[in-house]
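Trainee: Right, I'll just put the structure down here and ask away after.
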Amino acid sequence: MAYNGELMARLGYAPPQASGREGGAAVDTTDQELKRMSEETVQEAVSEEVFSGYQATTVTPGAIKHPGNIVEAASLSAVPLPEATYKLASSIPNSIIKGGKLSNLQLEGIQYACQRHQKILANGCRAGFFMGDAAGVGKGRQISGIILDNYVRGRRKHIWFSISSDLKVDAQRDVNDLGCHIKIIEGCQHLDRETRAFGLSASMKEGVVFSTYATLVSSVQKVIGRQSRLKQLIEWCGGDQFDGCLIFDECHKAKHFIPGKEKNSTKIAMAVTSIQRLLPKARVVYCSATGVTDVKNMAFMERLGLWGEGASFKTFEHFLDTITRKGLGAAEMLAMEMKASGMYVSRGLSFQEAEFETVETSLTEEQVKMYDMTTHVWAEVQRSLEVALGRTNTAPGRIWSMFWSCHQRFFKQLCLGVKVPTIVQEAKTSLAEGKCVVIGLQTTGEASLESEMTKYDTTLPGFVSVAREILNRFIQQHFPTSIVHPTGLEPEVDEWCSQAKELLLGFVKKIDMPNSPLDDIIDQLGGPSCVAEMTGRKGRVVRVDPGGSAVQYVLRSGEAGDVDSLNVQERNHFMNGHKLVAIISDAASTGISLHADTRVPNQRRRVHLTIELPWSADKAVQQMGRSHRSNESSGPLYKLLTTNLGGERRFASAVARRLQSLGALTQGDRRAATGADLTQFNFDTPYGRSALRTMYQAISKRELVGGVPLNLMTKGLVEFSSFNDHMRDCLVQMGVASLIDTSLVIQDKDQSGVGKFLNRILGLTVARQNMIFTYFFGSLQAAIAAARKEGKYNEGLVDIMASSIEMVGSPRVMFTDAKTSTPVSHVSLEVDRGMSWEGAIKRADNFQGKHDGFYRSKREQFGGYMYLLATKKQNSTHFYKICRPNTGVSGFDEDFSELLLRYQPVCREDAEVPWKDYYERSKDHCIHGPRCKNASICRVGARLYQLDLICGGTLTLMTSLECTLQHHAGRLQLSKTESSMRVVRVQLSNGKRVIGVRYPSILIPVAEEDLKEKRVLEKVQNKLGIGPSAVSSPSNHQASSAPDLSSVSKVIVTEDESPVQPKFVSKAMTPAPTLTSYFKVKEQPAVTKGTNPKTIEVIIDDDGQRDNSGKKRKHVDAVSDASSSESTQGDPGPKEFAAPSGKKPLQDIKNGSVLTPGSSLITSPPVKKCKRQPSILNSFQKAGESKVEKKVEKKVVCPICAKELPLGTMNKDLNKHIDTCLAAQ
């Protein structure tokens, strides 16, 4: 049978069967019901399980399980990593593995990064690795492990970029925690200090340069001119043959890169991209906890090989367009395919041990009055400014930009200020309960505080109101009063503008505004001696005397030196328990850990108060990671402080919902605390932008957005005309619309600016901002409902909900990608989508609304009545969810008034028997009954539904599959659901999970033919070497500065592993010698009677410990090439003079002695040696020798002044004398 006829029959467009229809109205009702039934497929729902537990798939022998409960995105958990082939155990000493210095999860991340670096992409560049791990996994340890693996294989130069120089301390700690002593060079400044006339000192020619992104884009003055730091780093690496590591930590700092429009990119993005292109063989590691949630920010990640020469996408624009057009699910598919290819891992700490609650601060009458007064003042400033700009002929662009910038900062400070009493009360309560407190905020208001300080000396009349200073400073500096003459005449003062300015400044002084929130909180919680502040501020306002009223401005000072920053010092005070309250800002908190670490004295449970919520729930949760890490004695308690302003309560619910999905538990009722209906809360989405545009247009046209009841916003207190007038005034006051005559004009650029809308509504009165936000939220719900009704709503990865799902046969391979070798398979599933009577009763019990319950059709259809269960949709006034015994929960929402046209309510008793009967009868039969002419193929309304998925590497094939679908959808009259491709996850009845793209079964053969043609074309292209052009180098670099990649291979090549070099293992694991190393006491081994001194074997090892024979063990490069790990793996045994494997006896060493800095000196009988050039180090060494020979010479002589010192002079006294002599010279 032709496709058209078969599908028409399957979808129910067959000739009408015998039924009980009577009259025209009944016919229309039946056809409508039939059409709706034919479009029902299977129930889809956003999964409650967003994250699932993570288990390492690769097992390194002897590896210790990672401490802490680690999770990963549930979509990623269904995709395994590829087989691990890289031999990591040969490069990482057993002491690190068995000692638990690297856990199994961390070793897995290191192994896949190193394995990925073996691949050379088609454009000749080495493939990169994306480490998307969040807090709790140990990103720094993994980076250190990657560097160690490369170092011992002979690659001894690496660069580690991060966002702050303070984090160099953490990098050094992570390296040292492995027992590794690879040198960490503190940026280009350190290289400058160590540069001599003939170049860098030897110690600077290898190691890890730790640099900030800010340094990367800077330059330094040289004798011949300025040199860029980028060029300096390239020269240090040795040019384009450099094959060490380029670590981009917190790499989202480089996210603003625009390929092809480099001049529009940020300097950091350009520099990061340039250094990758100039070092094509470098081993790149991208580190960012944001993962691939925002694909447009991945443009600088060229080493992933997702686009460019030999990749599936020719350009980044092509790649971005494909992902964004496919919706949210495509980003999840991208992450899954990246993991399946071995280029990406993304794991994080579960919040299972954490708790959270929402604390709402309702504004008092005085606070509401104060808030509304400030909004009126800002509105008056806005109106007066418009007039003043016209009267003075001042260019408005920059002035309005400053106005809205100050407007946003002002109201953010005001919102924080009204929360201060609640913040202080919550903190004091937690301290009284034996807990400690972490307060998280985003901004500090430092700029306004410093501006206020210019008016006073250090002593102030009182605490400063940052909010008042922001408004006051704007009026003082930016309100124009002088008329600008175009002819260049002397400006003259406009009297009206001057008076307006004075009046506005007077209004500002009269309003009683809150003090600076940060200073106020610190003061009320005991002052700087009790509160550890980790922000970017240079100074703060504190009380002169505790309990007094006098205050002064002081600089934040501390004992921090060049290495430890003040914030690190404050962190230590908190972790040691000297201070029990910590305040962290968004800018300064990166990399700072404040959790209840079992290794620190402060073991109190952390109470984390989030007092300033960002619009993104993910970003808020990322900030909370500072107080929740692995290896903690107790999980934190998060308290989300909100007000009843501008929908902030809803944002808090979104954050709470995110925490719940990560495993956190609420204190009290889960539904009340989280708002269980808020499944996702990112307003800046295509639906959010569409809803905002629709709302603006409706207000402009004096209409009400369809599907949004007026009562939702007004509570029946205001008529529509009055409501619309309020909304028009709001848009004008927000600066997104202007009144021309009586028409409201909204600029196109503002019509979909969700971020601007959410920020500017804070400048409205309390009542108005709540009203307009409710209107926007209702419009968003209506937009989503409309998209659902049309079958176009894409909410990303969704779960197929059914009573049972079985796989039919086995997955069948349709296509294998020639570039990635990733197979694409067809999976056929049999889904039982029906709802049993027991399931219906359970659902009905959960919904006890006035009109919730069972309904029966008013007329018979296909020989009987139809039954359904209707339950009111949450947060809706008139939409209901429909459930049927044969098709389960409907994907379409039903308007209650339309439902009553066709159905009437019945009691449970009357519905039970027919419901059960229809449930059994519809298992294998369509809705049309036994007389259906196409009964053998018709599946309309049948309980069992065939679902077909295309699984595997489908991302690059999405465009091809979509073209095939669109080409045939109209001719085959596919339903709305079948005409759209969706990424779905299915859990089979046996527990196995399958993720793939839904695709009509009838088009599977057609798609397969298209894919076969694509495979043949790819083979021909690979054979002929045809591929897209190479990626161009940045426009601000000459072409000659980049390596020539024009002749590179067009296919991915895998390099062999580099061998481990034992001497570099020893060097990496041996501490660098210090000045004190030259003053260690040397000992001669005891020589027993009859023993030939020339045959004494001396064991020298790297850990400076004595073996069982009592000898001093110290490793020397000239002595041994064995791995240093041998000295730390167990006891070598009680061999008196036997050297362990890999250690050479003393007589094998030239001249019969070992002379190396910091080692013990043990000599055989004197052997004539060549005279050595005297040096200060030789003098120190002779001083050490003199101590050994003291028993014979019975004297101590200074090697500098040759003065004989008293017998028995201690080492410390000798050192002091030598220092004095050196200073005198």
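Computed from the coordinates by the stated procedures, all read-outs in this text should not be read as laboratory data. Please read all numbers here as calculations on a predicted model, not as lab measurements. Reconstructed Cβ throughout: ideal geometry from the backbone, glycine too, with neighbour counts over all protein chains shown.
Trainee: Which whole-number percent is the relative contact order of segment 79-153 (Cα, under 8 Å, 6+ apart)?
Mentor: The normalised contact order for segment 79-153 reaches 37 percent.
Trainee: Can you tell which of 165, 151, 189 lies farthest toward the positive end of the dipole of segment 130-198, using +1 and -1 charges on the Cβ of basic and acidic side chains (Lys, Arg; Asp, Glu)?
Mentor: 151
Trainee: Sticking with this structure for a sec: Using a 10 Å cut-off on Cβ atoms, rank the peptides 960-973, 857-870 from the highest mean neighbour count down.
Mentor: My ranking of the peptides, most packed first, is 857-870, 960-973.
Trainee: Would you order 200, 901 from fewest to most other beta-carbon atoms within 10 Å of each residue's own beta-carbon?
Mentor: 901, 200
Trainee: Taking the Cβ of residue 483 as the centre, find all other residues whose Cβ is under 9 Å away and add up their charges (Lys, Arg: +1; Asp, Glu: -1).
Mentor: Summing Lys and Arg as +1 and Asp and Glu as -1 gives -1.
Trainee: Something else: When the convex hull of the C-alpha atoms of segment 735-887 is computed, what volume per residue in Å³ does it have?
Mentor: 273 Å³
Trainee: Just rank 263, 501, fewest to most, by other beta-carbon atoms within 10 angstrom.
Mentor: If I rank by nearby Cβ atoms, fewest first, I get 263, 501.
Trainee: For residue 128, what charge total do you get from the other residues with a beta carbon under 10 Å from its beta carbon, if Lys and Arg give +1 and Asp and Glu give -1?
Mentor: My count for the surroundings of residue 128 gives +4.
Trainee: Taking the Cα centre as origin and putting +1 on Lys and Arg beta-carbons and -1 on Asp and Glu beta-carbons, what dipole magnitude results for segment 686-789, to the nearest 20 debye?
Mentor: 380 debye
Trainee: So how compact is segment 686-789: Cα radius of gyration and Dmax in angstrom?
Mentor: Gyration radius and largest Cα-Cα distance of segment 686-789: 12.7, 39 Å.
Trainee: Over every pair of different alpha-carbon atoms in segment 51-349, take the mean of 1/r and invert it; report that Kirkwood radius in Å.
Mentor: In segment 51-349 this quantity evaluates to 19.7 Å.
Trainee: Sorting 364, 1209 on the 10 Å Cβ count, fewest up front, what's the list?
Mentor: Taking fewest neighbouring Cβ atoms as first place, the list is 364, 1209.
Trainee: On to the next question. Longer than 21 Å from Cα to Cα, which of 157/1067; 139/992; 231/281; 419/501; 139/579; 261/314 are they? Say none if no pair is.
Mentor: 139/992; 419/501; 139/579
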